[in-house]
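One structure is given below, encoded as structure tokens.
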Amino acid sequence: MKNILIIGSVGQIGSELTMHLRRIYGNDHVVAGYRSTQPSEELAKSGPLERVDATDVEKLNEVVKKYKIDTIYNLAALLSAVAESKPQAAWNVGVNGVFNILEVAREHKCAVFFPSSIGAFGPTTPLDNTPQDTIQRPTTMYGVTKVAGELLSDYYYKRFGVDTRGLRYPGIISNVTLPGGGTTDYAVEIFYEAIKHKKFTCPLPAGAFLDMMYMPDALDAAVDLMEADPSKLKHRNAFNVSAMSFDPEIIAAEIKKHIPDFKMDYNVDPMKKAIAETWPNSMDDSAARKEWGWNPKYRLPEMTIDMLNMISKKLGIKYK
Ligand code: AKB
């Protein structure tokens, strides 16, 4: 049986991944690590909880020993837009934090999951059908930390045999915990606004195509990769994974099919626009499909229906 530590368990992905892993491996085998935001009651009551973060190496060691941890999922990061306003903090969590976790993993022989991002690409990367192995010269601090994390993960595997594995996540669409400070956040916010006000003001311009994925697929991707037969993994780290690619006009049109009087206008955020312009329009994720069977279940139409139903239930507002 695995003993897992989640770093960043209260974030958008961490909060759902912790509960998902508890359902698979048993509540007592998944420790929820958090830093400052108070965990939800569900997270706090369903299994072990520890105040531990990636920048505190002593506490990391202590928790790994206490629970005999053999696998660490490192979900801690400052997302792309917020990282531009706090580049030093983004570096500390995104590079020093990753290094600390890899060192602890080396010492205690833990496997490590590292989520990279479409943010690891930049303006000189081919933006259509972005290859698995290609130019990576990101121009954001978020991207710099993600490339460093990918390289450190490769290094710790090759040099020390640490079982590091990772994905390049696109924008993640979900309905439990809101994302905070990302360029792709609009694809979550649009659903809340559609249900609450039947209108949305979009911070990205029409034509800003980006890869996206619905949370259930993001959770399966992490677990499937960590459970994959290592002899089949040619890449191990930084697998491109995508489930859909759309721009604001396309997602708005999909929502309109269910809420016919939904309206969208634009108030473009220049920083988010500039970031989005340097990220892929759509990635080639054939390496993930071939090496460990990546096959997302949700495309735009199914994701839209599920998001509308889940958020309508959560807010207690009928949308039809
Ligand atoms: C962000 O927009 O910063 C993140 C990401 C794509 O990594 N959602």
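The values are calculated or read from the model by the stated rules, or taken from the named source; none is laboratory data. Bear in mind that the values here come from a model prediction, so they are computed numbers and not experimental data. Counting neighbours? That spans all protein chains shown, and the Cβs are built from the backbone with ideal geometry, glycine included. Keep in mind that these areas ignore ligands, DNA and RNA; they rest on the heavy atoms of the full protein, side chains included. Shrake-Rupley method; radii C 1.70, N 1.55, O 1.52, S 1.80 Å.
For the stretch 175-183, take each phi angle, set θ = phi - 60°, evaluate the Karplus expression 6.51 cos²θ - 1.76 cosθ + 1.60, and give the result in whole Hz per residue in order, putting x for glycine and proline.
Computed from phi, the couplings for the stretch 175-183 are 10, 9, 10, 5, x, x, x, x, 6 Hz.
Counting other Cβ atoms within 10 Å, keep those with at most 16, restrict to DSSP loop, and tell me which trypsin sites (Lys or Arg not before Pro) in the stretch 172-268 are left.
Qualifying residues, ordered by number: K198, K234, K257.
In straight Cα distance, which lysines are under 20 Å from K86, not counting same-chain residues fewer than 8 positions off?
Hits, sequence-local ones excluded: K146, K272, K273.
Which cross-chain or sequence-distant (5 or more) residues have an amide H under 5 Å from the amide H of T130, H modelled 1.01 Å from N in plane?
S282, M283, D284
For S174, S286, give me the order by solvent-accessible area with a 1.4 Å probe, most accessible first, ignoring ligands, DNA and RNA.
Sorted by accessible area, descending: S286, S174.
Which residues in the stretch 219-243 have a backbone N closer than 19 Å to a point placed 7 Å from the Cα of N129 along the Cα-to-Cβ line?
Within reach of a label on N129: 240-243.
Under the Karplus relation 6.51 cos²θ - 1.76 cosθ + 1.60, θ = phi - 60°, what is the ordered set of whole-Hz ³J(HN,Hα) values for the stretch 237-250, x standing for Gly and Pro?
Whole-Hz 3J(HN,Hα) from phi for the stretch 237-250: 10, 6, 6, 4, 9, 9, 10, 6, 9, 8, 10, x, 5, 5.
So which trypsin sites (Lys or Arg not before Pro) in the stretch 100-161 are both in a DSSP loop and have at most 13 other Cβ atoms within 10 Å of their Cβ?
Loop-located and lightly packed - K109.
Kindly write out, for the stretch 195-202 in residue order, the coupling ³J(HN,Hα) from the Karplus curve 6.51 cos²θ - 1.76 cosθ + 1.60 (θ = phi - 60°), rounded to whole Hz, with x marking Gly and Pro.
Karplus values, whole Hz, x for Gly and Pro: 6, 6, 10, 6, 8, 8, 9, 8.
Collect residues whose amide H, placed 1.01 Å from N in the peptide plane, falls under 5 Å from the amide H of L49; neighbours closer than 5 in sequence don't count.
For L49, the qualifying residues are A32.
Taking amide hydrogens as modeled 1.01 Å from N in the peptide plane, which residues meet the under 5 Å criterion relative to F239, leaving out close sequence neighbours?
When sequence neighbours closer than 5 places are left aside, the close amide H contacts are G166, L167, R168.
Tally up the carbon and sulfur contribution to the accessible surface of the chain as a whole percent, 1.4 Å probe, everything protein left in place.
That share works out to 53 percent.
Compute, for R299, the solvent-accessible surface of its heavy atoms (probe 1.4 Å) with the complete set of protein chains present, and express it in square angstrom to the nearest 10.
100 Å²
Once you list every other residue whose beta carbon is under 15 Å from the beta carbon of A288, what net charge do they have if Lys and Arg are +1 and Asp and Glu are -1?
In short, -3.
Given the rule -39500 (n - 2.57) for each run of at least 4 DSSP H residues, summed and divided by the residues of the chain, what is its mean residue ellipticity at 222 nm, to the nearest 500 deg cm²/dmol?
Using -39500 (n - 2.57) per qualifying helix, the result is -13000 deg cm²/dmol.
Using the Kirkwood radius over C-alpha pairs as Rh, can you work out the diffusion coefficient of the chain via Stokes-Einstein at 25 °C, viscosity 0.890 mPa s, in µm² per second?
For the chosen part, D equals 124 µm²/s.
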